[in-house]
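The values are calculated or read from the model by the stated rules, or taken from the named source; none is laboratory data. All figures in this text were calculated on a predicted structure; none of them were measured in a lab. Virtual Cβ from ideal backbone geometry, glycine too; neighbours counted across all protein chains shown. For the accessible areas, the whole protein counts, side chains as well, though only heavy atoms, and no ligand, DNA or RNA atoms are used. Shrake-Rupley method; radii C 1.70, N 1.55, O 1.52, S 1.80 Å.
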Amino acid sequence: RRRSQVYKFCQLAVVSRSSAGQSVSRKRLDKQGYGELKAMSYRAWLSAANATNDNEVKQFWKDSCRRASSERNARLNTQRKIINVMWSLWKNGRIYDPDKF
């Protein structure tokens, strides 16, 4: 129903544990869900990042690198974006448009 649920399903959700308002552990990726979808989004990111031409995924990743605190976080943001676009296309029955990425 929601993007956050899709991210959790794909093992891309960030979880942290807290007790009485205090953080008990550091933030990490949720291990519940299906790793195959996470791996698929990683391969899609890797393919786009290593492409010789400039594409919408590569551009989003570069922009995310400038905003994020690390390249790892930028990659994960890009993977979430890939999953979000795929979910949106499937859910709404639309055709992919690179300009709307």
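Looking at this structure, is A49 aliphatic (A, V, I, L, M) and open to solvent by less than 50 Å² (accessible area, probe 1.4 Å)?
In short, yes.
Identify the single condition in (1) exposed (fewer than 12 other Cβ atoms within 10 Å of the Cβ); (2) of a type in the set (D, E, K, R); (3) modelled with pLDDT under 90 that R66 does not satisfy, given that it satisfies every other one.
Of the numbered conditions (1) exposed (fewer than 12 other Cβ atoms within 10 Å of the Cβ); (2) of a type in the set (D, E, K, R); (3) modelled with pLDDT under 90, the odd one out for R66 is (3).
Which one of R80, R3 is in contact (Cβ under 8 Å) with a residue 60 or more places away in the chain, open to solvent by 60 Å² or more (accessible area, probe 1.4 Å) and within 12 Å of the chain's Cα centre (by Cα)?
Exactly one of R80, R3 is in contact (Cβ under 8 Å) with a residue 60 or more places away in the chain, open to solvent by 60 Å² or more (accessible area, probe 1.4 Å) and within 12 Å of the chain's Cα centre (by Cα), namely R3.
Considering only the stretch 16-45, state which residues are among the charged types (D, E, K, R), open to solvent by less than 70 Å² (accessible area, probe 1.4 Å) and either over 18 Å from N73 (Cβ atoms) or in a loop (DSSP other than H, G, I, E, B) (or both).
Selection gives D30 alone.
Might you check whether a residue that is surrounded by 11 or more Cβ atoms within 10 Å (Cβ to Cβ) and acidic (D, E) occurs anywhere in the stretch 87-97?
No: the stretch 87-97 contains no residue that is surrounded by 11 or more Cβ atoms within 10 Å (Cβ to Cβ) and acidic (D, E).
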